[in-house]
1. Can you give the FRET efficiency to the nearest 0.05 for B:Lys246 and B:Asn180, using r as the Cβ-Cβ distance and R₀ = 60 Å?
2. Please list, in chain and number order, the residues 5+ apart from B:Asn204 or on another chain whose amide H is under 5 Å from its amide H, with Hs placed from the backbone.
3. Can you list the residues, at least 5 places off or on another chain, whose amide H is less than 5 Å from the amide H of B:Leu66, using H built in the peptide plane?
4. Using a Gaussian network model of chain B whose springs link C-alpha atoms within less than 10 Å, name the residue from B:Asp18, B:Asp114, B:Asp156 with the highest mean-square fluctuation.
5. Please count, across chain A, the pairs of lysine residues with Cα atoms under 24 Å apart that sit 8 or more places apart or on different chains.
6. Counting only Cα, what are the radius of gyration and maximum Cα-Cα distance Dmax of segment A:2-232, in Å?
7. Taking the Cα centre of the protein assembly as shown as the origin, how large is its charge dipole in debye, to the nearest 20, when only Lys and Arg (+1) and Asp and Glu (-1) carry charge on their Cβ atoms?
8. Just the number, please: carbon plus sulfur as a percent of the accessible area of segment A:2-232, 1.4 Å probe, no ligands or DNA/RNA counted.
Amino acid sequence: MGAIFRREVSSYFISPIGYIFLAGFYCCTGVIFSQNSLQYGSTKLDAVFADLILVLIVLIPILTMKTISEEKKQKTDQCLLTSPVSLGGIVAGKFLASFLIYTLGVAITFVYAVVVSAYAKPDWNVIMGNIVGLLLLGAAYIAVGIFCSSLTENQIVAAVISFFAMVGLYLLSTLGNLIPVEFITKVFNSLCFWNRYYDFTLGLFNLSNVLFFISAAVAFLFLTVRVLEKRRWS
Amino acid sequence: MIEVSNLSKHYGDKKAVDNISFKAEDGEILGFLGPNGAGKSTTMNILTGYISATSGKALINGIDILENPIKAKRELGYLPELPPLYMDMTVKEYLNFVYDLKKCKLPRNSHLKDICSLVKIEHVYKRVIKNLSKGYKQRVGLAQALIGNPKVLILDEPTVGLDPKQIIEIRTLIKKLGKNRTVILSSHILSEVQAVCDKIVVINEGKVVADDTEDNLSRKLINEHLLTARIEGKTEAVEPLIKSIKGVIKVEVGSEREKGVWEYRIEAKEGVDIRRELFKRMAERNMPILDLRASELSLEDIFLKLTMGEALPQLTGKDDDNDDDNEDTAKD
């Protein structure tokens with residue numbers, strides 16, 4: 001797992017993808033921060049964090065699109081799958097590498113908080129809760145992206161599928177409200193990534209939301225392992 | 001040691017590998033011979049744990065690859081048909097990555113150095129893999145298979161796409177490696193397998209058609225009763241003359257190779273050598289033989305011969321410059 005993690009991290013910076021992701025992330029968050037906080041002279045960052053979910057939906061597919069699809073296309077998966085490493089180890093290594101790059105992106109939000117604190121004392125508890133929420137949301141979305149990448153050999157297809165999957169998970173409650181069956185509406189609402197994440201931006205640190213995102217990440221990584229497993233059997 | 005018993009792999013209705021069994025002992029180089037699509041790569045992919053088998057057993061040094069994959073994979077090094085190289089890495093980075101991936105315990109620097117000098121890639125050690133030539137990529141692929149000194153080496157068409165000099169080098173290297181390891185090598189080139197391997201398993205359409213030592217198999221495949229000759233003179237005169245030789249079963253007239261020189265494919269009874277008689281008769285009539293050789297078996301002929309037992313292979317009636325596989329078989 002360690003070897004795969006290190007290779008993946010370095011590959012993000014050998015290819016332009018790591019730079020594109022980080023530049024895109026810093027640029028988008030910068031615009032959102034200046035529009036929502038600086039221009040209004042507000043120390044509250046909740047609106048910034050709320051908008052960031054849209055940035056993730058666009059940028060995380062770029063981060064995860066090649067994780068598994070490219071291995072399959074270049075046949076380098078033969079090197080991984082015939083080495084003494086478990087499938088879980090391979091997927092975990094890739095996930096942690098993407099998560100590390102993502103964390104480097106999220107770190108900028110801390111800088112914004114520091115900038116704001118120069119003007120007035122911000123509510124650090126809320127900001128830290130927001131950052132944790134953003135990391136958890138990102139972890140779940142990265143797992144979704146890696147899962148989508150395992151479904152195809154084409155990076156672009158992987159990115160497109162991930163994008164729609166992420167939009168779907170974001171809009172799940174909206175979709176649920178359109179269905180006039182109470183049970184389904186309830187299930188959709190409780191699985192909706194936006195509903196779960198929105199609580200964090202309000203300053204609510206709800207343990208069930210924390211567990212939800214962790215479970216979602218684990219579930220999608222597990223599905224990825226199953227896809228790889230299935231490919232060996234088909 | 002590798003032991004395969006009753007191994008099958010089905011893709012839907014298609015049987016890619018159909019109930020094959022064979023064994024390779026320590027210090028033995030086993031050649032896996034078959035045309036493209038025979039099931040060689042599939043078998044190798046099963047042996048290395050890349051894909052699973054539908055049924056059957058594959059033991060690597062006594063460890064079942066399907067039941068205990070991680071332990072079994074520690075024992076083997078694999079060079080797939082297409083070397084699994086990360087094009088964006090340098091050779092050094094890549095080999096270090098594989099070293100970590102295999103959780104190798106040998107001293108890193110000296111081990112990697114030994115391997116690089118063995119496959120002669122020291123001078124490209126710091127270059128990016130995508131800029132290397134096909135031959136060097138193949139060597140880097142071989143180097144990654146050798147990391148960790150695995151007891152079992154599985155090499156899928158290791159010389160494909162290399163130039164003749166590189167082919168000889170890689171073959172020599174494989175022979176050297178095979179002295180204290182079990183090596184399985186696949187190829188669609190008969191002469192390659194004959195040159196390198198102690199034992200040959202011939203596979204066609206997913207089935208083993210022959211499993212024998214190199215000597216025995218070569219003896220079975222000797223083909224002196226099938227001749228190809230180029231003779232100057234009118235075909236109307238030459239053909240009946242050849243037919244009149246005792247032991248000749250069939251004569252086929254091929255194309256005109258040079259002006260007035262025609263090619264003939266001659267089939268005699270098995271065990272009858274008609275070459276001297278042919279020479280004598282043609283010389284008497286002043287019809288010079290410009291070229292005379294025993295027909296080399298194409299892979300198709302080999303399968304025919306092996307699957308049909310003692311029956312004679314048919315004259316294929318193909319031109320010399322036939323498809324690539326035959327060309328390789330004949331000239332390599």
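The values are calculated or read from the model by the stated rules, or taken from the named source; none is laboratory data. Just so you know, these numbers come straight off a predicted model, no measurement behind them. Quick reminder, even Gly has a Cβ in these numbers, built from the backbone with ideal geometry, and neighbours come from all protein chains shown. Protein only, heavy atoms only, side chains kept; ligands, DNA and RNA dropped before computing areas. Shrake-Rupley method; radii C 1.70, N 1.55, O 1.52, S 1.80 Å.
1. The computed FRET efficiency comes out at 0.70.
2. B:Val209
3. Under 5 Å from the amide H of B:Leu66 lie the amide H atoms of B:Ala58, each far enough along the sequence or on another chain.
4. The residue that fluctuates most here is B:Asp114.
5. Taking chain A as the scope, the lysine pair count is 11.
6. So, for segment A:2-232, Rg and Dmax equal 18.3, 58 Å respectively.
7. 1540
8. So the carbon and sulfur contribution to the accessible surface is 71 percent.
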